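Written below as structure tokens is the structure these notes are about.
The values are calculated or read from the model by the stated rules, or taken from the named source; none is laboratory data. A quick note: this is a predicted structure, and the numbers were derived from the prediction, not measured. Every residue, glycine as well, gets a Cβ built from its backbone with ideal geometry; the counts of neighbours run over all protein chains shown.
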Amino acid sequence: MRNRHAGEPFTSSDDEIRTALEDVSIPALMLSCVHMSGDFTLLDGPVKPAGIFLNEVQGFMSEEDRATARALAFDIICDYRDRGCPEPAPVSAVQLKRMMNWLVAAELPDEYVPMMLEEMELDGRDQRDVDFESDPADRATFPVVIIGAGQSGLLAAIRLQQAGIPYTVIEKNSGVGGTWWENTYPGARVDVGNHFYCYSFEPDDHWTEFFAQQPELQAYFQAVMDKHGVTPHVRFQTQVTRADWDEQAKSWTVQLTRPDGTAETVSARAVISAVGQLNAPHTPAFDGAETFAGPAFHTARWNHDVSLAGKDVVLIGAGATGFQLAPAIADEVASLTVFQRTAQWMFPNPNYHAEVGDGVRWALRHLPFYGRWYRFLLFWPGCDTGLAAAKVDPEWPDQQRAVSAANDLARMMFTEWITSQIDGDVEDAEALLAKVIPDYPATGKRTLQDNGSWLRTLTRDNVELVRDGVARIEPDAVVAADGSRHHADVIVYATGFRVNDMLSSLTVYGRNGIELHDFWGPRPSAYLGMTVPGFPNFFCLYGPGTNLASGGSLIFHSECEVRYIMGCLDLLIAADKTAIEPRQDRYDDWYRRCQAELATLVWSQPTIKHSFYKDEAGLVHSLSPWRLVDFWSWTRTPEPDDFIFF
Ligand code: NAP
């Protein structure tokens, strides 16, 4: 059978090919040409990438070099077509390493090679499915409950299905997607490139935008759920109210509320929490909020019955959400006042709102391994480079400005991007610059993707940026801390989520009747982000310490976590034991190491005054401080010695 990444054979005309090549990624195209032609001398020519950021867009090449590459590729593709599009010969490990080095314009460290190869699955095989050692008959009598049908819960369901483990997904909403079901505000889109932000085993050549909007993302998860036969196992509009570990039965008793409001109890040998970190909206209790006369709602609970057309809208909060929302509604409202307490760093990406052209889609569908190398291009720049820029150099002199030389460089790049957009024609350019250039180190909060739409919005006549907190809300206005009053017909809260209230929607009683949140106190943690002592056969996805602030994608992280959890279940079932939980000393050591590492990173620095990464004491519990390659390697196979089995 043809390798599914070798591309569908085609008979496109010369003209069609020439047109398609106009908008493809040149680095991915060149490597596809190596596969098609078997000619590795293509890597020795002068046409090559010279950097890694936004490689997928420009390939760090001059227009002249890109034209040369297209001409070269045209001949190779036509020849390949005329030969009937044969499946390219496999490439040796040495040659693959050469191709990777060429792509990143440097020597790719050896430790990354297996991870990148796995991510690309060039042999066409789903590389992160699990080779179970336990007896299938034993697996078939080990029911599992998954709480949540977002991207991680769906992934866990797919893997359990493949393993022949019976499972039920309990989902409070009436559809799949989690955050991509709930966040329907105008402008909602992913800010990790979609050809990477999708399951590694479900690559997609149908994305219509490089950073898809919410409806397309939700439709993707729906399609994957249907394709993998998960849909009949999902109970929508059903809420888990409580889970108790039954010491006698060595199983979990999970209490549910059905769609009709009635209660039900189900039993499961294991529970996987996939409730995520961004599922409990945070709406600050501003003085007078209850007196507001008009509609007011949180972005994650968008009220589609309210028309914003011709209204004075006050948007409170401008992190990742407000940043997307403001440009999407500025056109239709009479006025938009954006309350932004802290300015955000942003990163230029010309593809951020761009459509995927027909040429790119043609290449994704037909050119051997083009999509795989494209995935690599998106993954690599955010793969641990950002972590290096987040590391604090205690010797660096001005810690308010930057935490290290690398971090200062990022600051200069980001500042240049902001200032380059505000020219002398902009009224009060100086005042605006003072408001929009953050006063804390780059990457200290989540860095946002930007294509210029944010500043274009702020410089519109009907938009005002208030860089201040909220003093109070009145029946028809929001009053800023500086006393200025801003008329409002509608208030939209883009004030984020209660991220530090980890797993706040669940009540989970483990061994000896101890509730998870009581066990945690103010220190939510899980060994490798997944398991907690005293809570046997209980696993977290996107749990404490697994959010990513410096790159990667949560889908990649979920794939690592789900593989690990499947490994734990396999260990347990193969050992003919009933329960598995992490050793307390491993858990304690993990917590200590995570906190020590986080303290060396920009996100925990006192220069970052407000951030959802921090709890009230200024501690960070939600983020991973680790390199992706380390997390990937630690989670490949569970280490039996880390656990106790009953
Ligand atoms: P957020 O980053 O926590 O931003 C919340 C905003 O509300 C900030 O401007 C914050 O100001 C402000 N705020 C909070 N409490 C306030 C208060 N008491 N008074 C005044 N202002 C207050 O939340 P978010 O924008 O919803 O984003 C959360 C996360 O969701 C993102 O980091 C990302 O992981 C995810 N997300 C992703 C996308 C995407 O993929 N494109 C889109 C949306 C969200 P301060 O900054 O001063 O705290």
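Overview of results
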{"quantity": "Qualifying residue in region 242-258 (condition: crowded, with 17+ Cβ neighbours inside 10 Å, within 16 Å of the ligand (Cβ to nearest atom) and not aromatic (Phe, Trp, Tyr))", "calculated": "no"}
{"quantity": "Exclusive hit being basic (Lys, Arg) and surrounded by fewer than 17 Cβ atoms within 10 Å (Cβ to Cβ), set Arg159, Arg125, Arg139", "calculated": "Arg125"}
{"quantity": "Set Gly175, Gly187: member being more than 13 Å from the chain's Cα centre (by Cα), surrounded by fewer than 22 Cβ atoms within 10 Å (Cβ to Cβ) and within 14 Å of the ligand (Cβ to nearest atom)", "calculated": "Gly187"}
{"quantity": "One residue from Asp468, Asp461 being part of a loop (DSSP other than H, G, I, E, B), out of contact with any Leu (no Cβ under 6 Å at 6 or more places or on another chain) and within 20 Å of His610 (Cα to Cα)", "calculated": "Asp468"}
{"quantity": "Filter pass, Glu107 being within 25 Å of Gly386 (Cβ to Cβ) and acidic (Asp, Glu)", "calculated": "yes"}
{"quantity": "3 or more residues over 25 Å from Asn351 (Cβ atoms): qualifying helices (runs of 4 or more DSSP H) within region 5-89", "calculated": "63-82"}
{"quantity": "Hits in region 599-646 (condition: closer than 21 Å to Asp439 by Cα and among the aliphatic types (A, V, I, L, M))", "calculated": "Ala599, Leu601, Val602, Ile608, Leu619, Val620"}
{"quantity": "Hey, Ser267 in contact (Cβ under 8 Å) with a residue 60 or more places away in the chain, surrounded by 23 or more Cβ atoms within 10 Å (Cβ to Cβ), of a type in the set (S, T, N, Q) and away from the ligand (no atom under 16 Å from the Cβ) or not", "calculated": "no"}
{"quantity": "Within region 274-293, considering residues that are of a type in the set (A, V, I, L, M) and out of contact with any strand residue (DSSP E or B) (no Cβ under 7 Å at 6 or more places or on another chain), the one nearest to Gly322 (Cα to Cα)", "calculated": "Ala285"}
{"quantity": "Close pairs from region 338-364: first farther than 30 Å from Ala488 by Cα, partner more than 16 Å from the ligand (Cβ to nearest atom) and among the hydroxyl-bearing types (Ser, Thr, Tyr), Cβ under 7 Å, at least 6 apart", "calculated": "Glu355/Thr208; Val356/Thr208; Gly359/Thr19; Ala363/Tyr370; Leu364/Tyr370"}
{"quantity": "So Gly545, is it among the small types (Gly, Ala, Ser), within 16 Å of the ligand (Cβ to nearest atom) and either crowded, with 18+ Cβ neighbours inside 10 Å or at pLDDT 95 or above (or both)", "calculated": "yes"}
{"quantity": "Unique match (being under 26 Å from Thr299 (Cβ atoms), out of contact with any Gly (no Cβ under 6 Å at 6 or more places or on another chain), surrounded by fewer than 22 Cβ atoms within 10 Å (Cβ to Cβ) and modelled with pLDDT of 95 or more) among Gln344, Gln340", "calculated": "Gln344"}
{"quantity": "Filter result (within 25 Å of the chain's Cα centre (by Cα) and of a type in the set (S, T, N, Q)) within region 382-432", "calculated": "Thr385, Asn407, Thr415"}
{"quantity": "Number of positions in region 473-525 that are in a loop (DSSP other than H, G, I, E, B), more than 16 Å from the ligand (Cβ to nearest atom), among the hydrophobic types (A, V, I, L, M, F, W, C) and free of Cβ contacts under 8 Å to residues at least 40 places away in the same chain", "calculated": "1"}
{"quantity": "Any hit, region 560-568, residues being within 16 Å of the ligand (Cβ to nearest atom) and crowded, with 23+ Cβ neighbours inside 10 Å", "calculated": "no"}
{"quantity": "Filter result (within 26 Å of the chain's Cα centre (by Cα), among the hydrophobic types (A, V, I, L, M, F, W, C) and more than 9 Å from the ligand (Cβ to nearest atom)) within region 295-314", "calculated": "Phe297, Trp302"}
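Table: residues versus (1) in contact (Cβ under 8 Å) with a residue 40 or more places away in the chain; (2) near the ligand (Cβ under 10 Å from one of its atoms); (3) surrounded by fewer than 19 Cβ atoms within 10 Å (Cβ to Cβ).
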| position | (1), (2), (3) |
| --- | --- |
| Ala274 | yes, no, no |
| Phe286 | yes, yes, no |
| Ala293 | yes, no, yes |
| Ile316 | yes, yes, no |
| Ile329 | yes, no, no |
